[in-house]
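Quick one: the structure is below, and I'll ask about it shortly.
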Amino acid sequence: TPRRLRIVTAWIGALAVLTPLAAQADFAAGMAAARQGDFATALAEWTPLAQAGDREAQMNLALMYEKGRGVEADPLRALELFLAAADQGHSLAAYWAGLAYQMGKGVPVDSDQAVRWFRASAESGHPGGIYELGYSYHQGEGVAADSQEALKWFYIAAALRWGGAIPARNFTEKELNAEQIEAASQAADAWFAAHPDILPQER
C-alpha cells in the first residue's frame with residue numbers, strides 16, 4: 001500500500017485578520033509566546049478567542065491539546081476544537097479532524113467521518129486532506145475502493161509537493177492500465193482548472 005504519512009506539525013502559522021484589533025493583538029501575543037515555548041501564556045491568550053469563535057485560535061489550541069503543549073494531552077478536546085475551526089472552513093483543521101477519526105484519536109475510528117473531513121480539507125486545497133482522501137479511496141476506507149479516483153488525488157497531492165504523494169502515485173499507477181492512468185491525470189487537471197487559486201508545482 002502507499003507509504004503512510006506521519007504527521008510533522010509546525011507551531012508557526014499565518015496570522016488571520018482578526019477583529020477587533022485587540023483580538024488580533026491577543027492572538028499575536030499568543031503566537032509570540034508559543035514560538036518561545038511559553039505555552040501557558042499562549043493558552044491564556046487563545047482560550048477566550050477560541051471561546052468567542054475565532055477559528056485560528058481554535059486551531060492553535062487544538063494543536064496544544066493534541067500535543068500536550070502547556071496542557072495535558074486531550075485528544076477529544078483537540079478534536080472538538082478542530083471541528084469548531086473546520087466548521088468555519090479552516091482546511092488544516094478539517095485535515096486534523098479527519099486524521100482523528102481515521103486513527104481513533106479521542107473517538108472511535110469512523111472512516112465515514114474521516115472521509116467527510118478529508119474531502120472538506122481537499123476541496124479547500126489543503127494537500128494533506130487531498131493525500132488522505134486519495135488514500136481513503138485506495139484502501140476503501142469510508143468510500144468504495146477506487147484506485148483510479150485515488151490516483152487522481154495522488155496526482156494533485158504530488159503536484160502540491162505533499163510528502164508521500166509521489167510514492168503513492170507511483171504505486172497506484174502500477175495497479176491501473178494506460179487508459180485509467182490517463183483518465184486520472186485528466187481528472188486531476190480538471191480539478192486544478194476548477195480551483196484556479198491553487199497552483200500545481202510539479203506533476
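The values are calculated or read from the model by the stated rules, or taken from the named source; none is laboratory data. Since this is a predicted model, take the numbers as computed values, not measurements. As a convention, Cβ positions derive from the backbone with ideal geometry for all residues, glycine included, and neighbour counts pool all protein chains shown. Areas reflect the complete protein model, heavy atoms only, side chains present, ligands, DNA and RNA absent. Shrake-Rupley method; radii C 1.70, N 1.55, O 1.52, S 1.80 Å.
Out of all the residues in the stretch 94-109, which are open to solvent by less than 40 Å² (accessible area, probe 1.4 Å) and either of a type in the set (Asp, Glu) or part of a helix (DSSP H, G or I) (or both)?
Those that are open to solvent by less than 40 Å² (accessible area, probe 1.4 Å) and either of a type in the set (Asp, Glu) or part of a helix (DSSP H, G or I) (or both): ALA94, TYR95, TRP96, ALA97, GLY98, LEU99, ALA100, TYR101, GLN102.
If you take the residues of the stretch 49-93 that are of a type in the set (Asp, Glu) and within 18 Å of VAL115 (Cα to Cα), which of them is most open to solvent (accessible area, probe 1.4 Å)?
Keep residues of the stretch 49-93 that are of a type in the set (Asp, Glu), which gives 54, 56, 66, 72, 74, 80, 87.
In the following step, the residues that additionally are within 18 Å of VAL115 (Cα to Cα) were identified as 80, 87.
Numbers: GLU80: 87, ASP87: 111 Å².
Per the stated criteria, the residue is ASP87.
While we're here: Part of a helix (DSSP H, G or I), of a type in the set (Asp, Glu) and touching a helix residue (DSSP H, G or I) at 6+ places or on another chain (Cβ under 6 Å): which single residue out of GLU132, GLU179, GLU141 fits that description? First the steps, then the outcome.
Details: GLU179 fails: touching a helix residue (DSSP H, G or I) at 6+ places or on another chain (Cβ under 6 Å); GLU141 fails: part of a helix (DSSP H, G or I).
On inspection, the qualifying residue turns out to be GLU132.
While we're here: Got a number for residues in the stretch 172-203 being farther than 13 Å from TYR155 by Cβ, open to solvent by 60 Å² or more (accessible area, probe 1.4 Å) and either charged (D, E, K, R) or touching a residue at least 60 places away in the same chain (Cβ under 8 Å) (or both)?
Count: 4.
Another question, then. Quick one: count up the residues across the stretch 142-162 that are surrounded by 15 or more Cβ atoms within 10 Å (Cβ to Cβ) and either touching a residue at least 40 places away in the same chain (Cβ under 8 Å) or of a type in the set (S, T, N, Q) (or both).
Residues flagged as surrounded by 15 or more Cβ atoms within 10 Å (Cβ to Cβ) and either touching a residue at least 40 places away in the same chain (Cβ under 8 Å) or of a type in the set (S, T, N, Q) (or both) within the stretch 142-162 amount to 9.
Oh, and also: Between TRP117, TRP46, which is open to solvent by 10 Å² or more (accessible area, probe 1.4 Å), assigned to a helix (DSSP H, G or I) and among the hydrophobic types (A, V, I, L, M, F, W, C)?
On the way: TRP46 fails: open to solvent by 10 Å² or more (accessible area, probe 1.4 Å).
None of the others qualify; the one that does is TRP117.
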